[in-house]
Amino acid sequence: MFEISFGEIMLISVVALVVLGPERLPTVARTLGALVGRAQRFVASVKADMHREASLAGLDGLKNDIVSTAHEFRASLESEIDSARALLREEGQMVEQEAEAVRTLAEEARRDVDALSDSLAELAAAAGKTEAAPAAAESATGAAPVVDENQLDLFEHPPSPVVPGEGRR
């Protein structure tokens, strides 16, 4: 801080001894020491404050870096979400178009089936006129329905009971 050599200190102390005298010199030296101690503590506290402010400035810079990185991350995340939403919207529109095409095809198929059903009904009505007379006569007389002899009927006749002792030989 101050560049005072040993010789200069000796000269100052001799002058102080002559001016102040041996009785007051210890009191003045004590007071001067206390003042120098206070000055050193003040300088140390100023240095600590400056160091603290510098570290806070560094922390502020770090905080600003973190905040800017967070904003960049949020912006990139929002852009990704927006692109995903746009893709989903496009896919949804494609699905709607496909669903509409399927509905149209189903309606056409329904109309075709109805037309075929009407045609079959007309054919059955035309064929029924020729065969309807014998069938109407049978239903009027109460005749039994026609049974196909080649079809196996499992539910009408219960199986015959097995008698013990009479088995296959």
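Shape verdict for region 50-116, please, from the Cα gyration tensor: rounded (a/c under 1.5), prolate (a/b greater than b/c) or oblate. Show your work: numbers first, answer last.
Working: a/c = 17.10, a/b = 11.35, b/c = 1.51.
It comes out prolate by the Cα gyration axes.
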Requested in this report: Could I have the simple spin-label model distance between LEU20 and LEU87, label points 7 Å from Cα toward Cβ, reported in nm to one decimal?
Outcome: 8.5
Query raised in the report: Just from the alpha-carbon atoms, what are the Rg and Dmax of region 1-100 in angstroms?
Result: 36.3, 116
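Dividing the Cα radius of gyration by the Kirkwood radius, what Rg/Rh value follows for region 1-54?
Values: Rg = 15.6 Å, Rh = 13.3 Å.
Ratio of gyration radius to Kirkwood radius: 1.17.
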**Report entry** Amide N proximity, region 37-68 versus LEU77 label position 7 Å along Cα-to-Cβ, cut-off under 16 Å
**Finding:** 66-68
Query raised in the report: How large is the charge dipole for region 59-114, taken about the Cα centre, if only the Cβ atoms of Lys, Arg (+1) and Asp, Glu (-1) carry charge, to the nearest 20 debye?
Result: 200
Report summary line: Rounded to the nearest whole number, the Stokes-Einstein translational diffusion coefficient of region 28-80 at 37 °C and 0.692 mPa s (Kirkwood radius, C-alpha pairs) in µm²/s is 226
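Read-outs throughout are calculated quantities, based only on the coordinates presented, and are distinct from any laboratory measurement. Given the structure is predicted, the values throughout are model-derived calculations rather than measurements. With ideal geometry, Cβ positions are generated from the backbone for all residues, glycine too; neighbour counts draw on all protein chains shown.
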